[in-house]
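Asks: Sharing a structure, written as structure tokens. Questions coming.
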Amino acid sequence: MSADERAVLDHLVLDFRQMAAFTEEPWVFVRGEGVRLQDREGHWYLDGLSGVFVAGLGYDNERIIQAATDQLRSLHFAPPLHGTTPPAIELATRLREIAPAAMRGEQGAAVKLLSGGSEATETALKLARQYHKQAGHPRKYKLIARYGGYHGGTMGALSASGGWERRSVFEPLVAGVLHTHPPFCQRCPFDKTYDNGACGITCARLIERTIEAEDPETVAAAIMEPMSMSSAGIIVPPPEYFSILRAACDKHNVLLIFDEIITGFGRLGAWFGADYYGVAPDLLACGKGMSGGYAPLAAVLIADRVWQAFLGDPDSRREFHHGHTFAGNPVACAVGLATLAEYQERDLIAHAALLGTQLRARLDAFAETYPFVRGVRGAGLLQGFDLAADTWPEEAAPPGKRFAAVARERGLIARCGDDFVGFAPPLVMQTAEIDELCDITAACLQEMSP
């Protein structure tokens, strides 16, 4: 890399990255093929993270590229304040068909198309507040979220996020957002052991107690990720968690929002996390895998009973007061349609579930082989494990960071925090590639062994 390019990198702002350090060892990707990425130096990497939970169909998918090309030649943009386009209508139709059944009601779920995950979660939060004002409960404005959750970088979405590492520099944030402790069974904040529910699922029941302590007539919504993999670690709620939460929300007229930006579109071996847990939310934010990364695209699915509060005479001002310039862009929608067709026609949702079984067996074997590998968990193609930091000298670098460095040298991309390793490979991976991912992981663990 030339000196001029390094100077530009000093002024190119990447996500959550100290650029002064990045320029010392820059990583510049130039090509993608199948489930692999190539960097500028010619090294190839097995993508064990789908970019960042996005590239579910891998790279260089000709069908999607052709769909985008055809739409670019026909209509690349339409005035969003005046109308919509056939690709947007068709995509909304497909999303209504795959929406969790309980969200459809008598007339089907509504769809708000957007451009990215932060937009989608922000939109869901605003929908919840406006809904209650128009449904006869104008005092309901508070939002309940979880510590450790991550819902995006816009101010409202960040306010709902629960990690101080991302929040504190921007405080004060949006008022009225409350946080409760997460269902982190491996590190229970209540010092309990799950033991098939013997713990009482305190993490879920505490949410209802919070609603009651705050006055239910002031609480608008609760926003939760079905499963998450973020800087807080890998959080997999126990099976009973969302049923308890759904009952509490119903009892107190609180909307339940699922942030499915990561878990949607087959990641857990089901269309949505809502399907995996068998619990439907009132609002479902989705993105990432919705377009496979071939265009910026996201959406909020709105339960029929909620959407009815936004319909009325134009003079009533009941319409949703929110919009984005590129929401429902025809090229992005054409990409989304091709992506959903690939998932369905290639039966990739069931394929992800099968690969997930294979991946789990290998990860469980690592836990038996290496004493410092603990807490294997996840579902489908969103799985990982913890690394026991006390295995290594206190002055050593965090084990997750060491794994990331060793994996990069060996040609694997994973999601690594200080003490965990996570995988979210493309849904189009084959069994041999899952084995390759696990073989590289085994070599990394062996190299790290004390």
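Asks: List the residues of segment 244-287 whose backbone N lies under 17 Å from a point placed 7 Å from the Cα of ALA361 along the Cα-to-Cβ direction.
Replies: none
Asks: How do 55-62, 110-117, 345-352, 162-169 rank on mean C-beta neighbours within 10 Å, highest first? Can you show the working numbers first?
Replies: Details: 55-62: 20.5, 110-117: 24.4, 345-352: 16.6, 162-169: 13.4.
Highest to lowest by the protection proxy: 110-117, 55-62, 345-352, 162-169.
Asks: Under a crude label model (7 Å from the Cα following the beta-carbon direction), how far is THR202 from LEU178 in nanometres?
Replies: 1.8
Asks: Which peptide among 75-84, 201-210 comes first, and what is the full order, when sorted by highest mean count of other Cβ atoms within 10 Å? Present the calculation step by step, with values, prior to reporting the outcome.
Replies: Details: 75-84: 11.1, 201-210: 18.4.
Descending mean neighbour count gives 201-210, 75-84.
Asks: While we're looking at this one, here's another question. Report, for segment 67-345, the % of DSSP beta bridges that are antiparallel, rounded to 5.
Replies: Working: 12 of 27 bridges.
Here the share of antiparallel DSSP bridges comes out near 45 percent.
Asks: Given +1 on the Cβ of Lys and Arg, -1 on the Cβ of Asp and Glu, and no further charges, what dipole in debye does segment 67-345 carry about its Cα centre, rounded to the nearest 20?
Replies: Numbers: 25 positive and 28 negative charges, 78 e Å.
Roughly 380 debye, rounded to the nearest 20.
Asks: Hey, rough spin-label estimate for GLU5 and PHE29, points 7 angstrom out along Cα→Cβ, what's it come to in nanometres?
Replies: Placing both labels 7 Å beyond Cα along the Cβ direction yields 1.7 nm.
Asks: Mind checking the full-extension length gain between ASP418 and ALA213? Use 0.36 nm per residue of separation minus the Cα-Cα distance, one decimal, nm. Kindly include the intermediate steps, with their values, before the conclusion.
Replies: On the way: separation 205, 0.36 × 205 = 73.80 nm, distance 3.52 nm.
Computed gain between ASP418 and ALA213 is 70.3 nm.
Asks: Tell me which residues come under 5 Å, amide H to amide H, from GLY384 once H is placed; ignore anything under 5 positions away on its chain.
Replies: Hits under the 5 Å cutoff: ARG377, PHE423.
Asks: Sum up the charges of everything whose Cβ sits under 14 Å from the Cβ of GLU33, counting Lys and Arg as +1 and Asp and Glu as -1, but leave GLU33 out. Could the numbers behind the result be given before it?
Replies: Details: positive: ARG31, ARG36; negative: ASP39, ASP47, ASP60, GLU62, GLU433.
Counting the neighbours of GLU33, the net charge comes to -3.
Asks: Whole-Hz Karplus ³J(HN,Hα) for segment 31-38, in order, using 6.51 cos²θ - 1.76 cosθ + 1.60 and θ = phi - 60°, x for Gly and Pro?
Replies: 7, x, 9, x, 10, 10, 10, 10
Asks: Which order do peptides 386-395, 145-154 fall in by mean Cβ count within 10 Å, highest first? Write down the numbers at each step before the final one.
Replies: Numbers: 386-395: 13.6, 145-154: 22.8.
By packing density, highest mean first, the sequence is 145-154, 386-395.
Asks: Give me the count of lysine pairs in the chain whose alpha carbons sit under 29 angstrom apart, restricted to pairs 8 or more positions apart or on different chains.
Replies: Summing the qualifying lysine pairs gives 19.
Asks: If Rh is defined by the Kirkwood formula over all Cα pairs and Rg also comes from Cα, what ratio Rg/Rh do you get for segment 397-443?
Replies: Numbers: Rg = 10.8 Å, Rh = 11.0 Å.
Looking at segment 397-443, the ratio lands at 0.98.
Asks: Separation between the SER231 and ASP191 pseudo-spin-labels, each 7 Å from Cα along Cα→Cβ, expressed in nm?
Replies: 2.8
Asks: Give the percent of DSSP beta bridges with both residues in segment 219-374 that are antiparallel, rounded to the nearest 5.
Replies: On the way: 7 of 15 bridges.
Approximately 45 percent, going by the DSSP bridge assignments.
Asks: I'd like the distance between the alpha-carbon centres of segment 326-347 and segment 70-117, rounded to an integer number of Å.
Replies: Their Cα centres are 10 Å away from one another.
Asks: Kindly provide the helix-only [θ] at 222 nm of the chain, computed as the sum of -39,500 (n - 2.57) over DSSP H runs of four or more divided by all residues, to the nearest 500 deg cm²/dmol? Don't skip to the end; give the middle numbers.
Replies: Details: 17 runs with 175 residues, N = 450.
Helices in the chain give a 222 nm mean residue ellipticity of -11500 deg cm²/dmol.
Asks: For segment 121-194, what value does the Rg/Rh ratio take when both radii are computed over Cα atoms and Rh is the Kirkwood radius, given to two decimals?
Replies: 1.05
Asks: Select from ALA124, VAL54, GLY417 the residue farthest towards the positive end of the dipole of the chain; place +1 on Cβ of Lys and Arg, -1 on Cβ of Asp and Glu, and compute about the Cα centre.
Replies: Highest projection toward the positive end goes to ALA124.
Asks: In nm, what is the difference between 0.36 nm times the number of residues separating ALA20 and ASP313 and their Cα-Cα distance?
Replies: Numbers: separation 293, 0.36 × 293 = 105.48 nm, distance 5.54 nm.
My answer for the length gained is 99.9 nm.
Readers should treat all values here as calculations from the given coordinates under stated rules, not as data from a laboratory. These figures come from a predicted structure and were not determined experimentally. Glycine gets a Cβ as well: all are built from the backbone with ideal geometry, and neighbour counts include every protein chain shown.
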